[in-house]
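K.L.:
This is the structure I have questions about; it appears just below.
The values are calculated or read from the model by the stated rules, or taken from the named source; none is laboratory data. These numbers come from a predicted model, not from an experiment. FYI the Cβ positions are ideal-geometry reconstructions off the backbone, even for glycines, and counts take in every protein chain you see.
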Amino acid sequence: MNEKIMPKEELINMLNEIYDQLEELEGAIESNFSNARQKWQDECAIKMRNCSEEIRSLETKTANLYDFNGKLDKKGTHHHPTGIKLELGF
């Protein structure tokens with residue numbers, strides 16, 4: 001009878017160790033995914049900001065070259081875009 005109890009206790013101990021290891025693994029995976037997600041979001045935000053700046057620059061250049069009728073602005077005055085404003089977002 002004593003021999004049957006020992007394997008059960010050993011099995012329970014092994015299962016407890018496996019459970020502990022799985023908890024550690026879960027924490028490590030969650031941390032890695034969290035870091036990767038944050039890095040990805042930061043990279044996307046930088047790309048979005050760069051695109052937004054590029055669009056703003058193109059809008060300004062276009063507004064400086066053409067008046068509202070589409071004719072070349074010969075006065076050399078700077079028009080600021082008052083038409084459609086393009087915005088980027090997720």
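K.L.:
Just to be sure before I move on: is Lys75 exposed (fewer than 10 other Cβ atoms within 10 Å of the Cβ) and at pLDDT below 95 in the structure I sent?
P.N.:
Here the answer is yes, as Lys75 does meet what is asked.
K.L.:
Additional query: Consider Thr82 carefully, then state whether it is β-branched (Val, Ile, Thr), at pLDDT below 95 and surrounded by 10 or more Cβ atoms within 10 Å (Cβ to Cβ). Show your work before the answer.
P.N.:
Values: β-branched (Val, Ile, Thr): yes; at pLDDT below 95: yes; surrounded by 10 or more Cβ atoms within 10 Å (Cβ to Cβ): no.
Here the answer is no, as Thr82 does not meet what is asked.
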